[in-house]
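Some notes on the structure that comes next.
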Amino acid sequence: MIENDNRNVPEEERAVNGAETAIDYYDLSRYELSPEEKAREEMIRQRIRDRRRAAERRRIKRNRTLVLIVAVVLVFILCRGCYASYRKKRDEKQAKAKASQSKVVKPTVQEIDTDSSEEEKPQAGHKIQQVDGLTYVDGILIVNKTYPLPKDYAPGISTAAQAAFDDMTAAAFNDGLYLYVNSGFRSYDEQYALYYSYALDRGIAEADRVSSRPGYSEHQSGLCFDVNSTDFSFSDTAEARWLAAHCADYGFIIRFPKGKEAITGYEYESWHIRYVGVDIAKEITSKGLCLEEYLGVTSSYDDAPDGVSQQQLAEEMGVTVDGPGGSTDTDAESENGTYYDEGYESQVQ
Ligand SMILES: [Zn+2]
């Protein structure tokens, strides 16, 4: 019983033999995948292909988006450029229309160039902008007989102008001189009352010589002061001489200089200073210019049919155009710089 072959093989060995048999089976089939495994491998390959395709699609999509963004940005830049050039042309056109409406054409008038070519008219390089009814030339607010302010524009005195004025009076005080504000900001209504009182007294033509029509006074801008006295005798004082010599150091110009009456449209006013900032004030003063010359603009009332004429204003106010002994043509007279009677107090623009 013990000799029996089969039964003599120890149990462990039998197990090993069995295992050998099993290994032989697997060895033989190792390089030939079962249909299930083949399917699985194919599935994996398919998945890899799908992922690659998806990645490729994403890449193309990304590139397309990028191209689209670049195109949109380019179109935006192009549109902005076109709009800017359209606005520039429109502003220049408006400025030219305004200039051509002026009744009196003075030798200093520089026509605003509607043709953007700067080679033809290199001197006409001023940029005129209209913002909410205010006119800026090269960024400077201009208020004169050509460029009025809106009726409801009432900013009060500019804080920058007031601070500069305070610095200036302190410096004058150190030199033993006393400067003070005679008149600063003046509203449309205040100017109306002032102008009306002249017009009632002397007629529109004479009122135009000594005062501004409501809306046309620089005092409504809050950027100017009448210093000390508004009498012509002020120009002979030490204060007036100090003012003329030093106001530019504080950003002010003598707004209506002597000899520029035909350009500014006003008599010489030694007391009326306008704030423009130190750099510009120094440049204007050192070049001996008035603000109209510096900015290349006119200053004359628009008496064209669609503008406010002396006659219309007179009718509106219920006064006469002519003052006592005056004529309807005193505009020309005032622009020649003729002084009016001394007895008539020079209550200012
Ligand atoms: Zn003034």
Fill in the blank from the handout: Checked the stretch 229-245 for anything buried (at least 17 other Cβ atoms within 10 Å of the Cβ), within 18 Å of Gly176 (Cα to Cα) and touching a residue at least 60 places away in the same chain (Cβ under 8 Å); matches are Glu239, Trp242, Leu243
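Quick check on this structure: which one of Asp302, Asp249, Asp226, Asp236 is within 16 Å of the ligand (Cβ to nearest atom) and not hydrophobic (A, V, I, L, M, F, W, C)? Before you say what the answer is, go through the steps one by one.
On the way: Asp302 fails: within 16 Å of the ligand (Cβ to nearest atom); Asp249 fails: within 16 Å of the ligand (Cβ to nearest atom); Asp236 fails: within 16 Å of the ligand (Cβ to nearest atom).
Only one candidate qualifies: Asp226.
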Exercise for the section: Would you point out which residue out of Glu206, Glu218 is closer than 24 Å to Pro155 by Cα and of a type in the set (Asp, Glu)? Expected result: Glu218
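Based on what the data block shows, is Tyr178 assigned by TED's automatic domain parsing to the domain that holds Asp279, farther than 26 Å from Glu292 by Cα and in contact (Cβ under 8 Å) with a residue 12 or more places away in the chain?
Working: assigned by TED's automatic domain parsing to the domain that holds Asp279: yes; farther than 26 Å from Glu292 by Cα: yes; in contact (Cβ under 8 Å) with a residue 12 or more places away in the chain: yes.
Criteria met by Tyr178.
Across the stretch 199-212, what is the number of residues that are within 14 Å of the ligand (Cβ to nearest atom) and surrounded by fewer than 22 Cβ atoms within 10 Å (Cβ to Cβ)?
To start, the set of residues in the stretch 199-212 that are within 14 Å of the ligand (Cβ to nearest atom) comprises 210-212.
Filter once more, keeping what is surrounded by fewer than 22 Cβ atoms within 10 Å (Cβ to Cβ): 210.
Residues in the stretch 199-212 being within 14 Å of the ligand (Cβ to nearest atom) and surrounded by fewer than 22 Cβ atoms within 10 Å (Cβ to Cβ): 1 in total.
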Practice task
Kindly list the number of the only condition in (1) within 23 Å of Ala314 (Cβ to Cβ); (2) more than 26 Å from the chain's Cα centre (by Cα); (3) within 14 Å of the ligand (Cβ to nearest atom); (4) surrounded by 21 or more Cβ atoms within 10 Å (Cβ to Cβ) that fails for Gln220.
Solution key: (2)
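The values are calculated or read from the model by the stated rules, or taken from the named source; none is laboratory data. Given the structure is predicted, the values throughout are model-derived calculations rather than measurements. Note that each Cβ is placed from the backbone with ideal geometry, even for glycine, and that neighbours are counted across all protein chains shown.
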